[in-house]
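Novice: First, the structure itself, so that you have it in front of you.
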Amino acid sequence: MSTTNLQLLAFLSGLLISLNPTTLSAFTGLLLGSIGKGHKKSEQSLVAISFLVVLFCLYSLVGLVALNLLNLLEAQTISNVAIFLAIIGIIWGILLIKEYYWYGHHRYLSFRLAHRLHNRTTKKSDPASAMLASMTTAYITVPSVGIPLIIIATICTVLPDPSQATRMIAFFVLALLLPLIAIYIASLSGLKLSAIVRWKEDSKGSFRLVMGLSTIILAWILLLLLNGVIEL
Amino acid sequence: MGTVGLEPASQIVADLSIRAVLAALVLIIFLIIFTSAVRKNQSAKVIIFITLVSIVAVVSTILCTTAYLHLQDTAMLMQQGYIQ
């Protein structure tokens, strides 16, 4: 597997996992709150950029911390940890696929937090609130985004060139934010955010299915790397 | 009479792993397409979901086992000095 293929893998998996109903809801809620308060385009831009920058920094930090922690371990230990992480990824992927069949039919661990986030994004729409909303979103999406991110970081630990690892994580995180950037640019061009909200509500089961399958496939790629089928 | 060549075990493992993953992906896609046709039928959804989970579990078990055995073999060969 060449470096270009790995970067493409990171980018594509990030794009598939980016269709996360939580981040889409938080971001569109924030923008709708900003528009509802009569903010000018420059103020709306500041709110959106604050949210996106903080989210990018937090996701990148998680990826880089995971990478550095894994690199501290011995080679044999990394391999055993990698198998364990792949199993976690597969289990989480199955839970996400379950959402496609029965959406929301379980207790959310962070339901109260999600409720508070919703209140915050609709009532307050300044850059500071946007940053706080971003941190809360990053926390809520720890399993859905964090697990694939850690699997990508684990794949990076077997790369011969360490600088490629940072680039792979950057590609993955950038791909995670691409739909949000596209929504923001489209809203500036006149797209109604209510259409995005409706599309998200109609398709959230499918989004979870895609996220689940992507996480499982990433875990399988990691296992194929470990058993020597795919070589770097 | 010619000699019979045996494929190295690692090659067999590689073939098995790749075939398992590809077959699983094809079956999963088929099951998802089938789900959209029977969305209203609860029992069918349960059966499809259980089948999907079983496929994922079987393939994952194969991959985890082969990965673990490969890592054990590599560690043993490194200890004996055959590879570095």
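The values are calculated or read from the model by the stated rules, or taken from the named source; none is laboratory data. Bear in mind the structure is a predicted one, so any value in this text is a computation, not a measurement. Please note: Cβ atoms are built from the backbone with ideal geometry, for glycine as well, and neighbour counts cover all protein chains shown.
Novice: Mind listing whichever residues of region A:119-140 are within 20 Å of A:Val197 (Cβ to Cβ), at pLDDT 65 or above and surrounded by 12 or more Cβ atoms within 10 Å (Cβ to Cβ)?
Specialist: Once the filter is applied, which keeps residues that are within 20 Å of A:Val197 (Cβ to Cβ), at pLDDT 65 or above and surrounded by 12 or more Cβ atoms within 10 Å (Cβ to Cβ), region A:119-140 yields A:Arg120, A:Lys124, A:Ser125, A:Ser129, A:Ala130, A:Ala133, A:Ser134, A:Thr136, A:Thr137, A:Ile140.
Novice: Still on this model: Inspect all residues belonging to region A:166-186 and state whether any of them is not in a helix (DSSP H, G or I) and not β-branched (Val, Ile, Thr).
Specialist: No, there is no match, as no residue in region A:166-186 is not in a helix (DSSP H, G or I) and not β-branched (Val, Ile, Thr).
Novice: Please verify whether A:Leu73 is surrounded by fewer than 20 Cβ atoms within 10 Å (Cβ to Cβ) and either in contact with a strand residue (DSSP E or B) (Cβ under 8 Å, 6 or more places away or on another chain) or within 14 Å of chain B (Cβ to nearest Cβ) (or both), treating the condition exactly as stated.
Specialist: In short, yes.
Novice: While we're looking at this one, here's another question. Are there any pairs with C-beta distances below 6 angstrom linking a residue in region A:53-77 that is at negative phi and of a type in the set (Ser, Thr, Tyr) to a residue that is surrounded by fewer than 17 Cβ atoms within 10 Å (Cβ to Cβ) and at pLDDT 90 or above, with the two at least 6 apart or on different chains, and if so which?
Specialist: Within 6 Å, no pair qualifies.
Novice: Kindly indicate which of A:Arg208, A:Arg167 is buried (at least 22 other Cβ atoms within 10 Å of the Cβ) and charged (D, E, K, R).
Specialist: A:Arg208
Novice: Assuming A:Leu73 fulfils every condition listed in (1) outside any helix (DSSP H, G or I); (2) of a type in the set (A, V, I, L, M); (3) under 30 Å from B:Arg39 (Cα atoms) apart from one, which condition is it?
Specialist: (3)
Novice: I've got another one for you. Specify which of the listed residues (B:Thr74, B:Thr66) is farther than 18 Å from B:Leu25 by Cβ, part of a helix (DSSP H, G or I) and either of a type in the set (Gly, Ala, Ser) or at pLDDT below 95 (or both).
Specialist: Answer to the check: B:Thr74.
Novice: While we're looking at this one, here's another question. Residues being assigned to a helix (DSSP H, G or I), at pLDDT 85 or above and farther than 17 Å from A:Ser194 by Cα: count how many of those fall in region A:18-42.
Specialist: Selection size over region A:18-42: 1.
Novice: Here is a follow-up. Among the candidates A:Gly212, A:Gly228, which residue alone is of a type outside the set (A, V, I, L, M) and outside any helix (DSSP H, G or I)?
Specialist: Of the residues listed, the single one that is of a type outside the set (A, V, I, L, M) and outside any helix (DSSP H, G or I) is A:Gly228.
Novice: Examine region B:20-39 for a residue that is aliphatic (A, V, I, L, M), within 30 Å of A:Thr77 (Cβ to Cβ) and more than 8 Å from chain A (Cβ to nearest Cβ), and state whether such a residue exists.
Specialist: Yes, the conditions are met somewhere in region B:20-39.
Novice: State all residues of region B:40-77 that are at the interface with another protein chain (Cβ under 9 Å from one of its Cβ atoms) and among the charged types (D, E, K, R); if no residue qualifies, say none.
Specialist: Once the filter is applied, which keeps residues that are at the interface with another protein chain (Cβ under 9 Å from one of its Cβ atoms) and among the charged types (D, E, K, R), region B:40-77 yields only B:Lys45.
Novice: Test A:Leu178 against the stated conditions and say whether it is modelled with pLDDT of 90 or more, closer than 30 Å to A:Lys40 by Cα, surrounded by fewer than 18 Cβ atoms within 10 Å (Cβ to Cβ) and within 13 Å of the chain's Cα centre (by Cα).
Specialist: Yes: the conditions hold for A:Leu178.
Novice: Would a scan of region A:31-42 turn up a residue that is over 18 Å from A:Leu218 (Cα atoms), without any contact (Cβ under 8 Å) to a residue 40 or more places away in the chain and not small (Gly, Ala, Ser)?
Specialist: Scanning region A:31-42, I find at least one residue that is over 18 Å from A:Leu218 (Cα atoms), without any contact (Cβ under 8 Å) to a residue 40 or more places away in the chain and not small (Gly, Ala, Ser), so the answer is yes.
Novice: Are there any pairs, at least 6 apart or on different chains, whose C-beta atoms fall under 9 Å, with the first in region A:86-113 and more than 18 Å from B:Arg39 (Cα to Cα) and modelled with pLDDT under 85 and the second surrounded by fewer than 20 Cβ atoms within 10 Å (Cβ to Cβ) and of a type in the set (Gly, Ala, Ser), and if so, which?
Specialist: Correct list of pairs: A:Tyr108/A:Ala114.
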